[in-house]
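Read the structure below first, then the notes.
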Amino acid sequence: MKKTFSKLVLVGIFLAFGTSNSSAFDFYIPDDGTLYLKFLEGEAGGVSEFGLGHTISDHQTYLSGLPGNPTPSTEVRVGDFFKGKRMDFFVHTVDKAYDLDEWAFSTNIDLASVIAFNDTDNSLGQNGDIVETVNEKTWKFHLDDATSRFFDDDDNDLVIQARLEGSVTTPEPLSLLLMGSGLAGMFVVRKKTAGIQKG
């Protein structure tokens, strides 16, 4: 187990010189589509859950029991998103052996979050980024769990796949115009019908 003091020094150097942002983890949806998540592999003593959110009170779990008992073990649908949407992720880890219960968020710069969502020693060779691009619609997140600030930064506790499929369909302007005309027509007919019934 590495000393926390050494980890603090390492993270301080990383934040000062490793990236131009406060966090190297920035994941934006590159095109309209449906996002899917899947747990691929991992090595960790604690049990983690992973999903969307930026606070403890505002999060949605999509994968749990990681890494030993992933639930679900198959791909899970997250939802439809438009191009440019920033995705905010979290990792929540409980390690009973060390009596630890920690949260990490991709938008935060506390030590737990920085270790979980960044490669502070650049072991992946991506300037601190833990997102590996598989192809234009598939990525791998090489995450540490939320308790890793006490142990190590090996970027292999939780390897999560994110995949974008298809596109989000939006009504064409003509379709919206026709739909609006139809609703207006229904309103007029109902009003006339109500007038006849009163008469």
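The values are calculated or read from the model by the stated rules, or taken from the named source; none is laboratory data. As the structure is a prediction and not an experimental result, all values here were calculated from the model. Glycine gets a Cβ as well: all are built from the backbone with ideal geometry, and neighbour counts include every protein chain shown. Heavy atoms of the whole protein, side chains included, go into the accessibility calculation; ligands, DNA and RNA do not. Shrake-Rupley method; radii C 1.70, N 1.55, O 1.52, S 1.80 Å.
Multiplying the residue separation of residue 137 and residue 43 by 0.36 nm and removing their Cα-Cα distance gives an extension gain of 31.3 nm.
Estimated from the Cβ-Cβ distance and a Förster radius of 35 angstrom, the FRET efficiency linking residue 97 and residue 127 is about 0.55.
At a probe radius of 1.4 angstrom, the accessible area of region 92-144 per residue rounds to 45 square angstrom. Can you give the net charge of the other residues whose Cβ lies under 13 Å from the Cβ of residue 107, counting K and R as +1 and D and E as -1? Charge balance in the 13 Å sphere: -3.
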